[in-house]
Amino acid sequence: MDPVAHISPIYTALFAVAAPFIAFLYQAMAGKRDQSGTISLIAIACSFISGGFTWLAIWNHPIASAEINWFTIGASTFKVGILLNNLSVLMLLLVPTVALPVHIYSRAYMKGDPGIHRYWMYLSLFCFAMLGLVIMDSLLLMYIFWELVGFASYLLIGFWFTRETAVQANKKAFIVNRIGDLGFLIGLAIIFTQFKTLNLIDLFGETGLIYQSAVTNGQWVSPVNSMDQIWLTIAGLAFFLAAMAKSAQFPLHVWLPDAMEGPTSVSSLIHAATMVAAGVFLLATVFPLFNESALLFIAIIGTITAASAAYFALGQYDIKRILAFSTISQLGFMMVGIGIGTWDAALFHLVTHAFFKCLLFLSAGAIIHEMAHLKTHSQLDFDPQDLRNMGGLKKYMPKTFILMSVASLALAGFPLTSGYLSKDSIVISSFEWALSKGGFYLIIPVSLIIISILTAFYIGRLIFKAFLGNFRIMDQVKDKLHGDPLHEASKTMLIPMAILGLCCLFPLFSLNPISYHDSWLMDGLLSDEYTFAPSHSAHLIIPLILLIGSVISWIIGWKWYVQQTYPLNTNSLALKAAFNQGYINEFYQWIFVDGTLKLAKFCYWFDRYVVDSLVAFIQFIVLSLSRLSVWIDKYIVDGFVNAVASVAYWTGNQVRLVQNGKLQTALYSVFLFVLLGLIYLIFF
């Protein structure tokens, strides 16, 4: 009997989401009184168990959903509900599976930090937001949790807010992600206008409105509305804009390298399996919406992102920045998978990438942790994240070296690792897709092959410079310390790293180490056949090219970085451009930041000297006119009125003299009037 048959997947899914939220509320109320993180750890463990039960109940079984009315506007009723299908339960399991070892690791890595109570609170909030995002049954609810994920990541990136670089990094991430959020909103508006609903089942179900729509005579016609066909492309690109920001696609990738200012444990979670994966998850969810134009654009941007990030990684010395650009590059691979129509391959690579990238970050964190201790004890001033201060760490941290090497092999797509299966699924599929299209489309798979070899080279460079050769600052520290300068990471850090290391190997995803088609994950995600024909020769030739290219790149790296035969000029323009990320940040600084500041200064000048001068001139005119008006009123209008009054008063006084009751005065008056009458008659 199925052991989970009597457990409702709806309830287990809700509990998986609610547990981190309860931990967040508890930590918010407890504050500094509880800095252990025990409640957060228990909560994410409960989410992991509940997510596992939900996955067992739903994977390759009919979907489950539940909803209740939320509010009504006019004829539209919006509901709150959850949707459990293969895609959502996969993510519901993946997030806590990666978050659990990160929580365990954090208990040692963050020990003693004065703000650790905030760390546990933010981490629980982030896990709640991410888990809520993946099971919501409407685009509106997804958007709400999408924003909450961005807010929680803002808090985590700026965790060490006393550092100016951390403050600038989280502001940068927040602003760039607002651009993507605008795209999400535009997509929501178009979808609701066209279909009068945002429910995922109504839109993308087997008989959903998307599948009932068609482009006819230049019109995008749905059962409830129609609009110009251009809006179909705009809707797809709007959702892709959201994914570009959240999943750090060129040219909106600039926030992710700077986000390394947060704790390394945060980087391992946010930038491996969760936040950056949200964009890929969104595109997979709305995939039926995309037309050929939108998909091609997604594939092109993914290729540019993968290529540029791999190039930038070659010139970095900060161990976390190398991994950051590696993440951007691998996200580019996933976007290519979406763009060529193999969203199942993109999700496959997302899952495998979550494990090996999380392990890479945790291994880097272990190195940084020990190097920071060395810096404190030796009282020397050096950067604990700079590869130029490392070397020979294999002698002191052999277990970390083995685990990081396993993760690096998976990143490079070496046989017997999970990365070999998932990366091949994208590269080979892109070649088959390009063959069906012909012409310039072959640029994409060829680029991916070159990028894969570059990936092997830069991750090999990291391993060689960090673990092999001689410890470069030994001469500076040997007189200040007793015994070995560095030590192996603690068991609390190594155990979760070892678990992730096992997840980097092929058996977790397929019993066949060389064929991604046999993966249970690929079988469960895609129900339809690809739109292009398979190429059996590609399945043999491309993996062989990638393997030979990777081995050659490692041999070159060994000679350059271990045997110290580096032939290139470190001050060359190409390496400087890679180190400075192609000067994209400087370009944005010049165009947007400096441009905005200059515009603001111009507006200030215009307001002060033009607008204020105009106002002052108008004020002068108005005051002058008012003074003239006062003078006219006082001396002309009032003068005339007063003159009339004076004349009337004088006339009255004079006439009043006649009325004195004397006969002589009356006769004089009659004589005067007679005389005046005669004069008038004679002369006029």
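The values are calculated or read from the model by the stated rules, or taken from the named source; none is laboratory data. This structure is a prediction, so every number in the text was calculated from the model and none was measured. Cβ sites come from the backbone with ideal geometry, for glycine too, and all protein chains shown count toward neighbours.
General remarks:
- In region 418-442, the residues that are more than 17 Å from I541 (Cα to Cα) and surrounded by fewer than 24 Cβ atoms within 10 Å (Cβ to Cβ): S436, K437, G438, G439, F440, Y441
- Helices (runs of 4 or more DSSP H) wholly inside region 570-631 containing at least 2 residues that are at positive phi and at pLDDT 95 or above: none
- Residue tally, condition of a type in the set (S, T, N, Q) and not in a helix (DSSP H, G or I), over region 12-53: 2
- Boolean, L140 is surrounded by fewer than 24 Cβ atoms within 10 Å (Cβ to Cβ) and farther than 30 Å from K491 by Cα: yes
- Taken over region 133-164, the criterion of being under 17 Å from the mean Cα position of the chain (by Cα) and not hydrophobic (A, V, I, L, M, F, W, C) is satisfied by Y143, E147, G150, S153, Y154, G158.
- Members of region 158-215 found to be polar (S, T, N, Q) and within 28 Å of I270 (Cα to Cα), listed by number: T162, T165, Q168, N170, N177, N199
- Within the set W605, W560, W590, the sole residue that is aromatic (F, W, Y) and surrounded by 13 or more Cβ atoms within 10 Å (Cβ to Cβ) turns out to be W560.
Residue-by-condition table, conditions (1) in the same structural domain as S408 (by TED's automatic domain parsing); (2) surrounded by fewer than 24 Cβ atoms within 10 Å (Cβ to Cβ); (3) not aromatic (F, W, Y):
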{"position": "F250", "(1), (2), (3)": "no, yes, no"}
{"position": "A259", "(1), (2), (3)": "no, no, yes"}
{"position": "A299", "(1), (2), (3)": "yes, yes, yes"}
{"position": "V336", "(1), (2), (3)": "yes, no, yes"}
{"position": "F355", "(1), (2), (3)": "yes, no, no"}
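Quick grid of which residues meet (1) under 18 Å from W554 (Cα atoms); (2) without any contact (Cβ under 8 Å) to a residue 40 or more places away in the chain; (3) not assigned by TED's automatic domain parsing to the domain that holds P384:
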{"site": "S405", "(1), (2), (3)": "yes, no, no"}
{"site": "S408", "(1), (2), (3)": "yes, no, no"}
{"site": "P415", "(1), (2), (3)": "yes, no, no"}
{"site": "S429", "(1), (2), (3)": "no, no, no"}
{"site": "G438", "(1), (2), (3)": "no, yes, no"}
{"site": "I451", "(1), (2), (3)": "yes, no, no"}
{"site": "T455", "(1), (2), (3)": "yes, no, no"}
{"site": "F471", "(1), (2), (3)": "no, no, no"}
{"site": "Q476", "(1), (2), (3)": "no, no, no"}
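- Flag if K171 is within 12 Å of the chain's Cα centre (by Cα), without any contact (Cβ under 8 Å) to a residue 24 or more places away in the chain and within 20 Å of Y588 (Cα to Cα): yes
- On inspection, G218 fails the criterion of being of a type outside the set (S, T, N, Q), surrounded by 13 or more Cβ atoms within 10 Å (Cβ to Cβ) and either within 14 Å of L282 (Cβ to Cβ) or modelled with pLDDT under 90 (or both).
- Residues of region 53-85 that turn out to be out of contact with any Ser or Thr (no Cβ under 9 Å at 6 or more places or on another chain) and surrounded by 20 or more Cβ atoms within 10 Å (Cβ to Cβ), as a count: 1
- Criterion violated by I22 - all others in (1) among the aliphatic types (A, V, I, L, M); (2) surrounded by fewer than 16 Cβ atoms within 10 Å (Cβ to Cβ); (3) without any contact (Cβ under 8 Å) to a residue 24 or more places away in the chain satisfied: (2)
- In this structure, L347 does not qualify as surrounded by fewer than 24 Cβ atoms within 10 Å (Cβ to Cβ), touching a residue at least 12 places away in the same chain (Cβ under 8 Å) and among the aliphatic types (A, V, I, L, M).
- Of all the numbered requirements in (1) in a helix (DSSP H, G or I); (2) modelled with pLDDT of 90 or more, G81 misses one, and that requirement is (1).
- Verdict on S88 being at pLDDT 90 or above, closer than 16 Å to G52 by Cα and buried (at least 24 other Cβ atoms within 10 Å of the Cβ): yes
- Checking A410 against (1) surrounded by fewer than 24 Cβ atoms within 10 Å (Cβ to Cβ); (2) in contact with a strand residue (DSSP E or B) (Cβ under 7 Å, 6 or more places away or on another chain); (3) not polar (S, T, N, Q), the condition it does not meet: (1)
- Within the option set S553, S535, S510, being outside the structural domain of R107 (by TED's automatic domain parsing), assigned to a helix (DSSP H, G or I), polar (S, T, N, Q) and touching a residue at least 40 places away in the same chain (Cβ under 8 Å) holds for one residue only, S553.
- Cβ pairs under 7 Å, 6+ apart, first in region 314-326 and modelled with pLDDT under 95, second of a type in the set (D, E, K, R) and part of a strand (DSSP E or B): Y317/D386; D318/D386
- You will find that of F620, F579, F602, the residue that is under 60 Å from the mean Cα position of the chain (by Cα) and under 30 Å from R388 (Cα atoms) is F579 and no other.
- N60 meets all of the listed conditions (1) over 29 Å from the mean Cα position of the chain (by Cα); (2) part of a strand (DSSP E or B); (3) of a type outside the set (A, V, I, L, M, F, W, C) but one, namely (2).
- The residues listed here are E147, E164; of these, the one that is surrounded by fewer than 23 Cβ atoms within 10 Å (Cβ to Cβ), over 21 Å from A23 (Cα atoms) and acidic (D, E) is E164.
- When D484, D523 are checked against the criterion of being in a loop (DSSP other than H, G, I, E, B), surrounded by fewer than 15 Cβ atoms within 10 Å (Cβ to Cβ) and among the acidic types (D, E), D484 stands alone in meeting it.
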